[in-house]
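The values are calculated or read from the model by the stated rules, or taken from the named source; none is laboratory data. Quantities reported herein were computed from a predicted structural model and do not represent experimental measurements. A quick note on method: Cβ atoms are made from the backbone with ideal geometry, for glycine too, and the neighbour counts reach across all protein chains shown. When the accessible area is computed, the model is the full protein with side chains, heavy atoms only, and any ligands, DNA or RNA have been set aside. Shrake-Rupley method; radii C 1.70, N 1.55, O 1.52, S 1.80 Å.
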Amino acid sequence: MPTTSRYARDVAVVAFAQSDHRRRSDELSEVEMVMPVLHQVLDQTGLKAGEIGFTCSGSSDYLAGRAFSFTMTLDGVGAWPPISESHVEMDGAWALYEAWVKIQTGEADTALVYSYGKSSPGSVRDVLTRQLDPYYLAPLWPDSVALAALQAQALIDAGETDEAALAAIAARSRTAAEANPHAQLRGGAVEQGDYQVRPLRTGDCPPIGDGVAAVVLAAGDTARRLCARPAWITGIDHRIEAHGLGLRDLTDSPSTRIAAEHAGVFDAPVDTAELHAPFSSQEVVLRKALRLDGDDVAVNPSGGALAANPVMAAGLIRIGEAAARIHRGESDRAVAHATSGPCLQQNLVAVLEGEPA
Amino acid sequence: MTAASPPEVLRAPLVVEFPFTRSLGPVQSAFLTGLRERVVLGVKTADGKVMVPPVEYDPVTAEEIRELVEVGATGTVTTWAWNGSPRPGQPLGTPFAWVLVRLDGADTAILHALDAPGPEAVRTGMRVRIRWAGERTGAITDIACFEPHDAEATEQATPHDGQFADAVTGIVAAARLDYTYSPGRSQTAYINALADRRTVGERCPSCHKVYVPPRGACPTCGVATTDQVEVGPAGTVTTYCIVNIKAKNLDIEVPYVYAHIALDGADLALHGRIGGIPYDQVRMGLRVEPVWTEGGRHPDHYRPTGEPDADYDAYKELI
Amino acid sequence: MTGTGKEPVAVVGIGQTKHVAARHDVSIAGLVREAALRALADAELTWADIDAVVIGKAPDFFEGVMMPELYLADALGAVGKPMLRVHTAGSVGGSTALVASNLVAARVHRTVLTLAFEKQSESNAMWGLSLPVPFQQPLLAGAGGFFAPHVRAYMRRTGAPDTVGSLVAYKDRRNALKNPYAHLHEHDITLEKVQASPMLWDPIRYSETCPSSDGACAMILTDRAGAARSPRPPAWVHGGAMRSEPTLFAGKDFVSPQAGKDCAADVYRQAGITDPRREIDAVEMYVPFSWYEPMWLENLGFAAEGEGWKLTEAGVTELDGDLPVNPSGGVLSTNPIGASGMIRFAEAALQVRGLAGEHQVPDARRAMGHAYGGGAQFFAMWLVGTEPPAS
C-alpha cells in the first residue's frame, strides 16, 4: 500500500511507453507515429482499447499547424464502440491529471493517457511565441530560448548558478541519457556549443524533435493485477503563475512549490526526480522549489528534456520515466514534474511510490 | 498484396497566416494610445504597486484595476539576454539584447529589445531609455527598442486620466507561421497513385473494411491499414447538397452539387463535386465516375456514368 | 479515504456575456472576465472562494493565441491555483463543465470556476476551420456544406417533409427574443420570412444556420456544503458523460451517431431516467443547423427512430410544448463556438434553478444539456435537477 492516501482511491501508473524521439519524422503522419506507442503500452497490461475505462490525450493544434489535429489521431485508438474520452490542449501530464480525477470519481477503473508532438513541421521557437500575451508580447516575437535566457541571466545575477554549472547540468543529463534508448541526444560528448541566446548555449537548450508518450493508469486491485509493482500516485497537484515575466521572480517557482506541498513531496524523502526542465537553467529553479539540494536524489536519470523534448509529451514522459523506475524496482519514492508556458509559468508535480519489496 | 518499399516522402509548405483584429479594452487602449503619444502609462494596484505595462487585472487579487499613472521613458534593466541572431518579426534586425526594464516610477518590468553594440555593453542594472519608433500607430512596437542612457532615475509615477484624442481601440496583429507538411506513409501512397489517376485505398487487416482515402489507421480497430486496394473508378452518390453560395477562394459557378460518393469497393464515401448533369437532377443513388483535368491532383468532378441508379439498400450504410 | 461514492455536485453560479457579432470594447480577458464575474455574483462568492479554474475553447487559431489560458490566468484569478484547458472540438463547452464537475465529484476541489469562450471577431471561423492542408482536396462547400448532406440523408431515411427545418428556426429565434443574452434578436421574425430566406446549401436555408458570435459563459460548481450556503437555488448534477467515436469510419451513422446514443444512455442510467420524453422537462441541445433538432431528438431517445420530426412538427418542442427544446434560443441564435456547449449546460441549469426569466419552462425539475462536435464524433451531456441526486 502507498504510505499516504489523501484521496478516495489508490491510483497507479501501471504501464508506460514512448517512441524513439527524433529530429524529424516526415515519413509518418501523427497517427502513424502515435499508434505503435498505444499498442506497446496496452500490450504491457494485456488490456485492449475497449477494456479501458477512460481515455485522455494532450496535444496542440498550433504545433501541428492544423485545427482539430487531435481528432485524426484518435484513429489510432480504435474508438469503436464509442469510448469515454477527452482531450486537453496541454502537455499530456495534464491529460494524466484529468484521467486521474476521472478514476477518483469512481466512474473508471483504468485510463489510457497519451500525448504527442511533432515540432519538425514548423519552427517551434517561433510557434511558441504565439503562447504569449497577444497585445504586449506576441507582436515582438520573443522566442522560447530568448525568454529562458532572460531567466538564466537572472539566476546568474542572483548568484544561483553560472555558465559552468549550467554546462555541468547539460553534460550530466546527456550522460544519463546514454542508458535511455529513446533519447534524441545522448552521450557526455555532446558539445555545449555557441551561444543561442546568451547566456544559454546550444547545450543548455533542448533538442527539437518529434515524439509520443503513453501511460496506463489503474485503481486499487486492478493496478495490482496489471502490474507487478505499480507506481502509486500518492500525490498530484498543479498550479499556475502570473503570465507577465516582469511580474514574476524568474529565479523562483512558487507554483512548483505550492503544487509540491499539495502533492506531499516534502512528507518524506524522494530517491528520484524527473524534472521537466527544457533548459539547463530551469533545473536550477526547480531543484530549489522542490528542495532537491543533495546528491542523494537521482535527478533526471532518463536524461530529461535536455535529452528529448517532444513538446506536449515531454511532461508526461517525466511521469512515465519516474513510474518506470518504480516498476523496475530502481526507485521507491519519486517526484515527477511537468511544465507549461514561458519560463515555467505552469507546473504539475506528482509523487509516485512503490510498495516495499 | 502488401505495401511496397516506402516511397519518397512528400513535403509541401503550409503557411498559417492571418491578420488578427484585436480589441483592447480600456486599460490596454490607454497604454497603446499613450505610446503613440510618447507617454508611458502604468496602472496602480490596490496596495500601491505600479504595473508597467499596465495589466487589466491584479495578478494577486484578480481585482479589476483602472487607476492609471504616467511613468518615465527611462528605466533600469532587471535582466537581459544577448540575441546574436534576430529572428523574423523581432524588434531589431541586427544583434540586440532582450531586456526586462523597470521604468522609472514602475514596480514591474516590461519586455523589449535593447540596441547595444555588443553583449559586453549590457549588464543588469544599466540605465536605458525608450527609443520611439518614427511612425507610431498605437502598438507595443511604437517602442522601437531601448537604448543605453546614462542618467539617474528621477521620475515618479504621476496620475493620468488615460484620455487621449482619437484613442486606439484595436490593433491588427498579423501573424505568419511557416510549416512543412508531410502527409505520412499511408496518404503518400494514396497521393502517388492519384498521379496515375488511380484511387488506391487500404484495407484493415482486422475488420477488412477498405478506407479511401487511407489515413494510416483503421479508426475502429486502431491498427495500421496496410493492404492496398484499388477502388472505383465509378461510384454511387450516397447523399449531397446543392451549394448556392460562393465559398471564398473557390472558383466554381453556383449552384453546383457537392456529394458524398462511395467508390465501388470502398467502405465509406469521399467527397466531390458532381458535374455533367443539371444540378437539380442529381439524386441519391446516381452512378458517377471521375473526370480528371490536366494537372489536377484530384478528380475535377464526377459525372454520371449512365448506369441505372443504385438501390438505396445497396449504399445506405455508406453515407 | 475521505468519503464513499461521488460527492454530489451543484451549480450555484451562472454568468454569460451578451453575445454579439463583435465585442469591440473588450480584450479577450475582458470578455471572459465579464462571464466569470457574473457567475461569481450569482453565487455571491469572490475570487478567493475559487479552488481551481477549468477553461475550454475551440481551436486556438480562432483567436490566434496558442493555449490562451496561459495569458488568461491573471484575469481569471487563477494565479497560485490549478488551471486546466480542455479542447474537444465543438463539444468543448460541455466537456469543460464535466471536467470541472468531476473535480468536485472526486473531492479533489470544493468549488471550481468553469468557463468557455470564443471571440470569433478576432479572426474568421471559416479561416480557422479550413486551413489549407497540402495534397488534400479542399472542402468544396463552406461550413453548411459539411452538414447539409447529412440532413438530406435524414430526410431520405425518415420521410420528413422539407418544412420541418424552418419550424425549428422560427421557434428558436422567437425563444431568443425572451433571452436577453442571445445574439440574434429578430423582432420581426415570421415563419414566412424563414421559409423565404435563401437556400444556401440545399436543404439548409440561411435562416436555419447559426450566427458567429463573441461570447463567454461561466459556471461555479461546488459540493454539498457549498450548495448549502448558496443564496439562490442550486442545480444538482444527476448525470454527466462524454463519448467519442472516430471522425470518419466505415459504417458511421452521421444522422444518429452511436456515440450520441451511448452518451445519453449513460447519463440516463446515472440519473435513473427510464423514459426521457416523460421525465425530462427541458432540453438545451446543440443545434447548429435547424434540422439537427429532429435528428438529436431521435439520437437522445426522446423519439423513436424516424419520428423526431413529428415532435417538432406537432409543437412539442415549443417553449409551451411538453418537451421544450432550446428555450434560450439555442445555437441557432447564439454561437460563440467554444462556449456554445457550456451555454447549453448552463441554460439547462438555469431552468431547474427557476432563474431562466422570460424563457423559463414552468416547473422544470429535470433538464438536459447537450453538446457535440468534430465530425459528429464528440458528445458531452449532463442532466441537472432541482433536488440533490438520490445516491
Identity of the residue in segment A:139-162, more than 7 Å from every other protein chain (Cβ to nearest Cβ) and within 23 Å of B:Leu177 (Cβ to Cβ), that ends up surrounded by the fewest Cβ atoms within 10 Å (Cβ to Cβ): A:Ser144
Consider B:Leu32 carefully, then state whether it is crowded, with 24+ Cβ neighbours inside 10 Å, under 18 Å from A:Tyr135 (Cβ atoms) and in contact with a Ser or Thr (Cβ under 8 Å, 6 or more places away or on another chain). no
Residue ranges of helices (runs of 4 or more DSSP H) in segment A:140-234 with at least 3 members touching a helix residue (DSSP H, G or I) at 6+ places or on another chain (Cβ under 7 Å): A:144-157, A:163-176
Which residue pairs have Cβ atoms under 6 Å apart, sit 6 or more places apart or on different chains, and have a first residue in segment B:256-282 that is outside the structural domain of B:Gly306 (by TED's automatic domain parsing) and a second that is modelled with pLDDT of 95 or more and open to solvent by 10 Å² or more (accessible area, probe 1.4 Å)? none
If you check every pair at least six apart or on different chains, which have Cβ atoms under 9 Å apart with a residue in segment B:285-313 that is over 16 Å from B:His260 (Cα atoms) first and a residue that is exposed (fewer than 14 other Cβ atoms within 10 Å of the Cβ) second? B:Trp292/B:Arg197; B:Arg297/B:Ala195
For segment C:72-173, which fully contained helices (runs of 4 or more DSSP H) count at least 3 residues that are within 14 Å of chain B (Cβ to nearest Cβ) and open to solvent by less than 10 Å² (accessible area, probe 1.4 Å)? C:142-158
If we keep only residues of segment B:201-220 that are more than 7 Å from every other protein chain (Cβ to nearest Cβ), more than 17 Å from B:Ile261 (Cβ to Cβ) and out of contact with any strand residue (DSSP E or B) (no Cβ under 6 Å at 6 or more places or on another chain), then the residue surrounded by the fewest Cβ atoms within 10 Å (Cβ to Cβ) is B:His208
Output yes when any residue across segment A:107-117 is surrounded by fewer than 24 Cβ atoms within 10 Å (Cβ to Cβ), outside any loop (DSSP other than H, G, I, E, B) and under 24 Å from the mean Cα position of the chain (by Cα), and no when none is. yes
Which condition number does C:Ala29 fail, the rest of (1) small (Gly, Ala, Ser); (2) out of contact with any Leu (no Cβ under 7 Å at 6 or more places or on another chain); (3) within 12 Å of chain B (Cβ to nearest Cβ) being met? (2)
Consider A:Arg23 against the criteria (1) open to solvent by 20 Å² or more (accessible area, probe 1.4 Å); (2) in contact with a His (Cβ under 9 Å, 6 or more places away or on another chain): it satisfies all of them except one. Which criterion is unmet? (2)
Residues located in segment C:187-204, provided they are over 22 Å from the mean Cα position of the chain (by Cα) and outside any loop (DSSP other than H, G, I, E, B): C:Leu191, C:Glu192, C:Lys193, C:Val194, C:Gln195, C:Ala196, C:Met199, C:Leu200, C:Trp201, C:Asp202
When restricted to A:Ala334, A:Ala350, A:Ala307, the only residue buried (at least 24 other Cβ atoms within 10 Å of the Cβ) and within 12 Å of the chain's Cα centre (by Cα) is A:Ala350
Taking the condition of being within 26 Å of C:Tyr71 (Cβ to Cβ) and assigned to a strand (DSSP E or B), how many residues in segment A:325-356 meet it? 9
Here's a check for you: in segment C:263-286, which residue that is free of Cβ contacts under 8 Å to residues at least 40 places away in the same chain and of a type outside the set (Gly, Ala, Ser) is farthest from the other protein chains (Cβ to nearest Cβ)? C:Arg278
Return yes when C:Phe249 is aromatic (Phe, Trp, Tyr), buried (at least 22 other Cβ atoms within 10 Å of the Cβ) and over 18 Å from the mean Cα position of the chain (by Cα) and no when it is not. yes
Failed item in (1) within 12 Å of another protein chain (Cβ to nearest Cβ); (2) out of contact with any strand residue (DSSP E or B) (no Cβ under 8 Å at 6 or more places or on another chain); (3) outside any loop (DSSP other than H, G, I, E, B), with A:Asp43 passing the rest: (1)
Given (1) in contact (Cβ under 8 Å) with a residue 60 or more places away in the chain; (2) of a type outside the set (D, E, K, R); (3) closer than 30 Å to B:Gly170 by Cα, where does A:Ala152 come up short, assuming only one miss? (3)
Residue within segment B:166-175 that is open to solvent by less than 80 Å² (accessible area, probe 1.4 Å), more than 30 Å from B:Ala97 (Cβ to Cβ), of a type in the set (A, V, I, L, M) and at pLDDT 95 or above present: yes
For segment B:99-117, state whether one or more residues are surrounded by fewer than 17 Cβ atoms within 10 Å (Cβ to Cβ) and without any contact (Cβ under 8 Å) to a residue 40 or more places away in the chain. yes
For B:Glu230, work out the one condition from (1) surrounded by fewer than 23 Cβ atoms within 10 Å (Cβ to Cβ); (2) in a strand (DSSP E or B); (3) out of contact with any Lys or Arg (no Cβ under 6 Å at 6 or more places or on another chain) it doesn't fulfil. (3)
So B:Cys145 clears everything in (1) touching a Pro at 6+ places or on another chain (Cβ under 6 Å); (2) free of Cβ contacts under 8 Å to residues at least 12 places away in the same chain except one condition, right? Which one? (2)
Which residue out of C:Arg243, C:Arg229 is under 30 Å from A:Lys102 (Cβ atoms), basic (Lys, Arg) and under 17 Å from the mean Cα position of the chain (by Cα)? C:Arg243
Give just the number: which of (1) over 21 Å from A:Gly209 (Cα atoms); (2) in contact with a helix residue (DSSP H, G or I) (Cβ under 7 Å, 6 or more places away or on another chain); (3) of a type in the set (S, T, N, Q) does A:Ser84 not satisfy? (2)
Looking at segment A:64-85, can you tell me whether even one residue there is facing another protein chain (nearest Cβ under 7 Å), β-branched (Val, Ile, Thr), crowded, with 24+ Cβ neighbours inside 10 Å and within 19 Å of the chain's Cα centre (by Cα)? no
Quick one: which residue in B:Val212, B:Val128 is under 27 Å from C:Trp127 (Cα atoms) and out of contact with any helix residue (DSSP H, G or I) (no Cβ under 7 Å at 6 or more places or on another chain)? B:Val212
C:Ala36 - would you say it is out of contact with any strand residue (DSSP E or B) (no Cβ under 9 Å at 6 or more places or on another chain) and not in a loop (DSSP other than H, G, I, E, B)? no
Sole miss for B:Arg123 among (1) surrounded by 15 or more Cβ atoms within 10 Å (Cβ to Cβ); (2) part of a loop (DSSP other than H, G, I, E, B) is condition (1)
